[in-house]
1. Tally Lys and Arg at +1 and Asp and Glu at -1 over the other residues with C-beta under 11 Å from the C-beta of ASP188: what net charge comes out?
2. Under a 1.4 angstrom probe, counting protein chains only, how are VAL118, VAL155 ranked by accessible area, largest first?
3. Per DSSP H run of at least 4 residues, take -39500 (n - 2.57); add these up for the chain, divide by its residues and hand me the 222 nm value, nearest 500 deg cm²/dmol.
4. Report the full-extension gain for the segment ARG64 to GLU110: residue separation times 0.36 nm, less the Cα-Cα distance, to one decimal in nm.
5. Quick one: length gained pulling HIS81 to GLU49 fully straight, 0.36 nm per residue minus the C-alpha distance?
6. Report, in cubic angstrom per residue, the convex hull volume of the C-alpha atoms of the chain.
7. Expressed as a whole percentage, what fraction of the accessible surface of the chain belongs to carbon and sulfur atoms when a 1.4 Å probe is rolled over the protein heavy atoms?
8. Specify which residue in the list ALA134, LEU211, SER197 is farthest towards the positive end of the charge dipole of the chain, using unit charges on the beta carbon of Lys, Arg (+1) and Asp, Glu (-1), about the Cα centre.
Amino acid sequence: MVSVLGVDEQNQHGELEPVQRKSTAAIVADQLRSAIMYGSLPPGSQMGEAELASRLGVSRGPLREAMQRLVQEGLLHSEPHRGLFVTTLDADDVTDIYLARLAVERAACERIIRHHRVEAVAELTAAQARIVSAAGRGDAIELSDADQEFHETLVRVSGSPRLQRMAQTLLVEKRMCLTALQDKYTADPQTLVDEHSGLVDAIESGDEALLLARLEAHMNDALERLNAFTPLLSETGPAS
């Protein structure tokens with residue numbers, strides 16, 4: 001069933017706006033993206049059209065369109081005469097993901113400080129509260145979800161659809177790495193709480209230089225922690 005989104009929650013003037021409708025292909029792409037992110041479709045796994053169409057309850061047309069979207073995002077890749085496969089990430093990919101994330105989120109932070117600071121503080125404070133809650137419960141998966149939601153919110157409140165599109169793929173790729181390493185790598189909950197709190201505080205103060213410095217330190221710290229485990233990425237994924 002095609003989902004229907006209501007009137008835009010960001011509309012502050014009560015004006016009626018066109019209702020947005022997602023196509024079946026877009027809904028299927030969302031489901032496949034989520035399955036890749038959480039490891040239900042692990043790196044290296046083949047995308048069998050017949051099986052996936054049956055599991056999703058859709059015809060092959062929208063499924064193929066959805067998979068092509070994920071090819072364009074880099075989450076799937078084509079192998080000649082074999083088909084489509086979930087992309088496998090290595091240590092170099094992880095470094096590149098964080099390089100790109102820093103560029104995207106740095107641009108988002110600059111726009112937030114200059115144009116959207118009040119809105120950002122309100123939304124990111126709520127997102128930060130979810131990180132604190134997950135950390136307090138010691139739930140690693142929920143903590144990763146809350147961390148991801150924080151950064152999605154950070155880019156969204158910048159008001160740039162293109163930054164959002166770029167961030168979406170990068171955050172899915174980051175989560176793919178965390179999922180693949182979940183039995184070996186765990187982030188320190190208090191570190192995540194403190195670093196994200198520092199970002200919100202810097203936005204609230206309106207100090208752009210401090211915000212950008214804290215963002216870069218946050219990204220570099222996360223990459224350094226992951227780099228100790230990324231050689232193990234080659235050991236994950238389905239057997240060939």
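The values are calculated or read from the model by the stated rules, or taken from the named source; none is laboratory data. Source: prediction; values computed, not measured. Heads up, the Cβs are rebuilt from the backbone with ideal geometry, glycines too, and the neighbour counts pull from every protein chain shown. Accessible surface is based on the protein model in full, side chains and every heavy atom, while ligands, DNA and RNA are left aside. Shrake-Rupley method; radii C 1.70, N 1.55, O 1.52, S 1.80 Å.
1. Details: positive: ARG225; negative: ASP194, GLU195, ASP221.
In short, -2.
2. Numbers: VAL118 125, VAL155 0 Å².
Of VAL118, VAL155, the descending order of accessible area is VAL118, VAL155.
3. On the way: 9 runs with 156 residues, N = 240.
The helix contribution divided over the chain gives -22000 deg cm²/dmol.
4. Details: separation 46, 0.36 × 46 = 16.56 nm, distance 3.78 nm.
Gain in length upon complete extension: 12.8 nm.
5. Values: separation 32, 0.36 × 32 = 11.52 nm, distance 1.44 nm.
Extra length available between HIS81 and GLU49 comes to 10.1 nm.
6. Working: hull volume 33.5 nm³, N = 240.
In the chain, the Cα hull volume divided by residue count equals 139 Å³.
7. Working: 6510 of 12830 Å².
Reported share for carbon and sulfur atoms: 51 percent.
8. So the residue we want is ALA134.
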